[in-house]
1. Show the residues, 5+ positions off or on another chain, whose built amide H is closer than 5 Å to the amide H of SER72.
2. Could you estimate the translational diffusion coefficient of the stretch 31-96 from the Stokes-Einstein equation, with Rh from the Kirkwood formula over C-alpha pairs, at 37 °C and 0.692 mPa s, in whole µm²/s?
3. Trypsin sites (Lys or Arg not before Pro), restricted to the stretch 38-98: which are DSSP loop and have at most 13 other Cβ atoms within 10 Å?
4. Just need the relative contact order of the chain here, percent rounded to a whole number, with Cα pairs under 8 Å and 6+ apart.
5. What number does the stretch 172-321 give for Rg over Rh if you use C-alpha atoms and the Kirkwood radius?
6. Please give the peptides 95-103, 208-216, 344-352 ranked by average Cβ packing (other Cβ atoms within 10 Å per residue), highest first, as a rough proxy for protection.
7. Once the piece of chain linking VAL151 and LEU221 is laid out straight, how much longer is it, given 0.36 nm per residue of separation minus the C-alpha distance between them?
8. When the distances between all Cα atoms of the stretch 197-266 are binned every 5 Å from zero, what whole-number percent does each bin get?
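The values are calculated or read from the model by the stated rules, or taken from the named source; none is laboratory data. These numbers were taken from a predicted model, which means no experiment stands behind them. Don't worry about glycine lacking a Cβ; one is built from the backbone with ideal geometry, like all the others, and counts go over all protein chains shown. We work out accessible area using only protein heavy atoms, side chains counted, and drop any ligands, DNA or RNA first. Shrake-Rupley method; radii C 1.70, N 1.55, O 1.52, S 1.80 Å.
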Amino acid sequence: MINTLKRILTDKTFFITLILSILSLCFGQVKSTDIDFKTIISLSSLLIIIAIYQDLGILKFIANYIVSKCHSTRLVFLVLLLCSFFGSMLFTNDVAILTLIPIFFNISKRIPFPKIFAISLLTIYANLGSSFTPFGNPQNIYIVSFYKLSVIDFLGMSIPFGLISLITLLFSVLFIKNKQIEKQSSTIISINRTKTVWLLLASIVVLLGILSVIPVIISLLISLLSGLTLSKNKKIFKRVDYAVILTFINFFIIVGAISRINFVNGLITSHTNNALSTFISAIVTSQLISNVPAAVLLSKFTNHVYALFLGVSVGGLGTIIASLANLLALRQYAGYSQNRSNFQFFKTFTLLNMIFLVLFIVVGIVLL
């Protein structure tokens with residue numbers, strides 16, 4: 001309990017949003033309805049399931065198995081990018097980053113990859129891939145909940161954007177020099193097949209709750225039951241990232257307060273009155289406060305769902321704070337890099353993100 005509390009209090013994102021939420025109360029009022037409890041329950045259920053996947057070693061098993069079959073540098077990097085892209089669809093962009101960057105650093109000890117370039121692309125495609133599914137990232141979970149979208153509604157928005165993202169991924173691999181390598185041996189990771197099957201079934205139930213097919217409280221109960229029965233580590237609930245949940249509550253408080261400030265209300269209203277302005281507003285807001293709170297804030301002023309979805313999806317690219325996954329990538333790089341050249345990482349990461357940001361602004365405008 002003490003370690004969990006310490007981890008929450010030392011989480012910089014939570015701490016900053018906590019301070020901002022307290023300050024925002026000085027300028028605007030907050031109502032209980034500002035907190036979308038369905039989103040909080042959905043996110044909690046998903047984080048518990050994700051913690052179990054990590055505990056059982058399933059994500060690393062999949063990634064290590066695929067990478068061990070590669071025979072060239074370009075193929076290794078392609079597999080890593082595809083794991084990031086498709087893994088983020090199922091397990092969120094944050095988990096893709098937390099899982100793949102340690103694996104990447106282990107591989108880079110034997111293969112001379114340009115580390116910052118590679119990690120930047122892994123993060124970019126984790127952000128892009130996560131936009132494909134309703135549960136790939138927190139803002140999608142919120143948008144589905146707030147606008148009461150069906151699976152068909154959401155996929156109708158995300159599939160064109162996802163396919164274009166996948167095409168750019170295949171071109172991005174060409175920037176890695178293609179050299180033959182010896183067969184890569186990886187650490188043998190065994191998984192419990194029975195528990196894996198039960199976890200997959202539990203995941204389906206959780207996703208049905210997120211999509212409002214069944215009551216979301218059932219998803220939470222199933223995730224709690226899975227944590228008690230399937231995890232190897234009976235302290236699995238201590239590994240859940242509660243700081244993310246509390247950070248989301250802070251977001252709701254901040255957005256609720258500032259949305260009632262007359263100046264902010266008028267400014268946002270005037271810039272969300274059509275699809276294109278909503279799209280641009282979502283991108284700009286994401287660069288300043290991250291795409292999750294941007295989605296929460298702008299949703300209160302616009303019914304242009306597709307434009308908002310595209311805006312916060314594209315808005316995850318760009319600045320280091322545009323997406324929580326970007327901050328996680330920086331944290332991972334600092335932890336695993338020997339020289340810890342954070343400024344060099346920041347420069348390269350930002351440059352690549354800005355290039356992709358401009359590219360996908362054009363893509364978004366075309367799709368609109």
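1. ILE181
2. Working: Rh = 13.7 Å.
Estimated via Stokes-Einstein, D reaches 239 µm²/s.
3. Details: sites: LYS38, LYS60, LYS69, ARG74; in loops: LYS69.
Here the trypsin sites (Lys or Arg not before Pro) that fit, given the DSSP loop and packing criteria, are LYS69.
4. Numbers: 543 pairs, mean separation 92.1, N = 368.
About 25 percent, as a whole number.
5. Details: Rg = 21.3 Å, Rh = 19.2 Å.
Taking Rh as the inverse mean 1/r over Cα pairs, Rg/Rh reads 1.11.
6. Values: 95-103: 23.6, 208-216: 18.6, 344-352: 16.4.
Descending packing order for the listed peptides: 95-103, 208-216, 344-352.
7. Values: separation 70, 0.36 × 70 = 25.20 nm, distance 2.21 nm.
Separation in residues times 0.36 nm, less the Cα-Cα distance, equals 23.0 nm.
8. For the stretch 197-266, the binned pair fractions read 3, 14, 15, 16, 17, 11, 8, 7, 4, 3, 1 percent.
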